[in-house]
Amino acid sequence: MDLRAAEEAEIDHLAKVWYDGWQDARAQILPAELTRVRTLESFTSRFQEALPNVRVVGPSGAPVGFCIVKRDELYQHFVSAQSRGSGVAAALIADAEARLSEIGLETAWLACAIGNERAARFYEICGWHRAGTMVNHLEVPKGEFSLEVWRYEKSLKRSA
Ligand SMILES: CC(C)(COP(=O)(O)OP(=O)(O)OC[C@H]1O[C@@H](n2cnc3c(N)ncnc32)[C@H](O)[C@@H]1OP(=O)(O)O)[C@@H](O)C(=O)NCCC(=O)NCCS
């Protein structure tokens, strides 16, 4: 699988993968107030900031999925609808876990929207466990949006 760093020229394409995935997985289960500010333009500008931490799978110019890590968090993980169920998501998460482990992290975490059952199932298959719920402070144009989410964790300790 072609796993690599994202390129600047791919930002618009990746923002669309993010926007479409957000619409599929979250728009129906999250507050309308949040959905309203998650525009395509907002994802484009967030991608510009995150670019050094983005890894993708897929052809140059048209990646089919991406993963972003941020400190000890698996921050964003999206795969286009046509590539779900193909193993792309698993390749991306394995790569992200390896990056987090390389920096010496023992436990990584991620936030999953409450009710995003497909993502929850996927993370559990990949060895993550639901530690409980937490309030996540999401970046929005006018500050922060507090949202209760499922918190997943995974131990990255290598066995001796
Ligand atoms: C989350 C995501 C990256 C997972 O990748 P994927 O390729 O869809 O994952 P897989 O198909 O390998 O695994 C999903 C599992 O959930 C199952 N599943 C599918 N729809 C489901 C549903 N509505 N409820 C519960 N489980 C579901 C699948 O059958 C599969 O389980 P199985 O292997 O036992 O059959 C991908 O679905 C995605 O990008 N979704 C949109 C964005 C998103 O939600 N990102 C995560 C944010 S926390």
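Brief remarks on what is shown
- Measuring between their Cα centroids, the stretch 1-46 and the stretch 72-128 lie 16 Å from each other.
- Using 0.36 nm per residue and subtracting the Cα-Cα separation, the extra length available between ASP72 and ARG118 on full extension is 14.3 nm.
- In the chain, a dipole from Cβ-located charges (positive for Lys and Arg, negative for Asp and Glu) runs towards its positive end, and of THR133, SER146, ALA25 it is THR133 whose Cα lies farthest in that direction.
- Contour minus Cα-Cα distance for ARG158 and LEU138 (0.36 nm per residue): 4.1 nm
- With the charge dipole of the stretch 71-160 set up from +1 on Lys and Arg Cβ and -1 on Asp and Glu Cβ about the Cα centre, the Cα lying farthest toward the positive end among the listed residues LEU105, GLN82, TYR123 is that of GLN82.
- The slack in the chain from LEU147 to SER101, taken as 0.36 nm per residue of separation less the alpha-carbon distance, amounts to 13.8 nm.
- Note that the stretch 3-14 has calculated 3J(HN,Hα) couplings of 9, 7, 6, 6, 9, 4, 5, 9, 4, 4, 5, 5 Hz, one per residue in order, obtained from phi through the Karplus relation 6.51 cos²θ - 1.76 cosθ + 1.60 (θ = phi - 60°); glycine and proline are x.
- Relative frequency of Cα-Cα separations exceeding 12 Å in the stretch 1-54, percent: 65 percent
- Along each principal axis, Cα extent of the chain, largest first, Å: 48, 37, 28
- Sequence-distant lysines (8 or more away, or on other chains) whose Cα lies within less than 30 Å of LYS16: LYS70, LYS142, LYS154
- Counting only DSSP beta bridges with both residues in the chain, the antiparallel share comes to about 95 percent.
- Test item: Cα-centred dipole of the stretch 26-84, Lys/Arg +1 and Asp/Glu -1 on Cβ, debye: 120 debye
Values quoted throughout were computed directly from the atomic coordinates according to the rules given, and no laboratory measurement underlies them. Being a predicted model, the structure only gives us computed values, none of them experimental. Here the Cβ is made from the backbone with ideal geometry for all residues, glycine too, and neighbour counts use every protein chain on show.
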